[in-house]
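Participant: Please read through the structure below; I'll follow up with questions.
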Amino acid sequence: WTIPVGKGERHQVSPTANVNTSLAFLPDGGLLFVSNRDGAPDVYQQALHADGRASGDPMRLTTGLFARTISVSADGSKMAYDVVRLRSKIWTVAIPASGTTSMASARQVTGENEHIESMRISHDGAWLTFDSDRSGNPDIYKVKLDGGAPVQLTTNPGSEFGPAWSPNDREIVFYSARNGDRDVFIISADGGPEQRVTSGPR
């Protein structure tokens with residue numbers, strides 16, 4: 001949003017379905033910001049009217065930059081940025097009936113350069129579902145616990161997190177803020193169309 005320092009009306013500059021951060025004004029009154037609107041966090045330039053309203057659509061300036069924050073020089077000729085690369089790997093280990101277990105017996109399940117926030121094992125113990133940004137955008141995946149390549153289930157440009165299995169392991173529930181609020185969705189464990197379950201600011 002923009003709002004005058006003095007009196008005036010505020011204006012929404014970007015949609016709420018994406019994460020838009022690290023704003024930096026340009027000398028001509030334009031605005032740079034970091035957004036995941038097309039997947040990975042990149043830098044966009046938004047032209048503004050004199051009153052702070054957006055003028056047209058933002059223009060993507062970088063591709064695959066994965067920027068977190070940006071800063072622009074006073075004359076607008078240089079931009080500095082930082083990148084945070086969070087990497088996660090999922091491992092599995094058997095729980096012994098008694099005593100302790102050695103991590104030497106652990107087996108790696110995922111091996112990509114990715115960040116994973118949450119995961120759930122299916123009730124039958126055969127599959128694991130997890131969220132991952134391995135494709136540049138957080139999506140929902142599943143993988144067989146005994147090995148194999150992960151299967152991507154969601155492809156929406158919004159970010160999806162927190163997958164969990166239905167009691168019969170036929171569906172996966174997850175949440176996404178793609179519509180502006182954090183809503184719950186359901187998708188078949190085999191992929192396909194998603195069903196939005198909740199709607200509203202709560």
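Participant: Could you please find all residues in region 59-85 being in a strand (DSSP E or B) and out of contact with any Phe, Trp or Tyr (no Cβ under 8 Å at 6 or more places or on another chain)?
Facilitator: Quick first cut of region 59-85, residues in a strand (DSSP E or B) only: 59-60, 67-72, 79-83.
Those that are in a strand (DSSP E or B) and out of contact with any Phe, Trp or Tyr (no Cβ under 8 Å at 6 or more places or on another chain): Met79, Ala80, Tyr81, Asp82.
Participant: Here's another thing I want to ask about it. Out of curiosity, is Val109 closer than 30 Å to Ala67 by Cα, open to solvent by 10 Å² or more (accessible area, probe 1.4 Å) and of a type in the set (A, V, I, L, M, F, W, C)? Quick ask: steps written out before the conclusion?
Facilitator: Working: closer than 30 Å to Ala67 by Cα: yes; open to solvent by 10 Å² or more (accessible area, probe 1.4 Å): yes; of a type in the set (A, V, I, L, M, F, W, C): yes.
Criteria met by Val109.
To keep it simple, each residue is scored yes or no on (1) in contact with a strand residue (DSSP E or B) (Cβ under 7 Å, 6 or more places away or on another chain); (2) hydroxyl-bearing (Ser, Thr, Tyr); (3) part of a loop (DSSP other than H, G, I, E, B).
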residue: Gly136; (1), (2), (3): no, no, yes
residue: Lys142; (1), (2), (3): yes, no, no
residue: Gly147; (1), (2), (3): no, no, yes
residue: Thr154; (1), (2), (3): yes, yes, yes
residue: Pro157; (1), (2), (3): no, no, yes
residue: Val173; (1), (2), (3): yes, no, no
residue: Asn179; (1), (2), (3): no, no, yes
residue: Val184; (1), (2), (3): yes, no, no
residue: Gly200; (1), (2), (3): no, no, yes
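Participant: Now, a different point. Could you please let me know if Asp133 is closer than 30 Å to Thr63 by Cα, open to solvent by less than 50 Å² (accessible area, probe 1.4 Å) and touching a His at 6+ places or on another chain (Cβ under 7 Å)?
Facilitator: Yes: the conditions hold for Asp133.
Participant: Give region 86-97 a look and list any residue that's out of contact with any strand residue (DSSP E or B) (no Cβ under 7 Å at 6 or more places or on another chain), open to solvent by 90 Å² or more (accessible area, probe 1.4 Å) and either part of a strand (DSSP E or B) or free of Cβ contacts under 8 Å to residues at least 24 places away in the same chain (or both), or say none.
Facilitator: So the first thing to find is which residues in region 86-97 are out of contact with any strand residue (DSSP E or B) (no Cβ under 7 Å at 6 or more places or on another chain), and the list is 86-88, 93-97.
Cutting the leftovers down to open to solvent by 90 Å² or more (accessible area, probe 1.4 Å) gives us 86-87, 95, 97.
Ile95, Ala97 - these are the residues of region 86-97 that are out of contact with any strand residue (DSSP E or B) (no Cβ under 7 Å at 6 or more places or on another chain), open to solvent by 90 Å² or more (accessible area, probe 1.4 Å) and either part of a strand (DSSP E or B) or free of Cβ contacts under 8 Å to residues at least 24 places away in the same chain (or both).
The values are calculated or read from the model by the stated rules, or taken from the named source; none is laboratory data. Predicted, not measured: the structure shown is a model, and the values here were computed from it. Glycine also receives a Cβ, built like all others from the backbone with ideal geometry; neighbour counts cover every protein chain displayed. When the accessible area is computed, the model is the full protein with side chains, heavy atoms only, and any ligands, DNA or RNA have been set aside. Shrake-Rupley method; radii C 1.70, N 1.55, O 1.52, S 1.80 Å.
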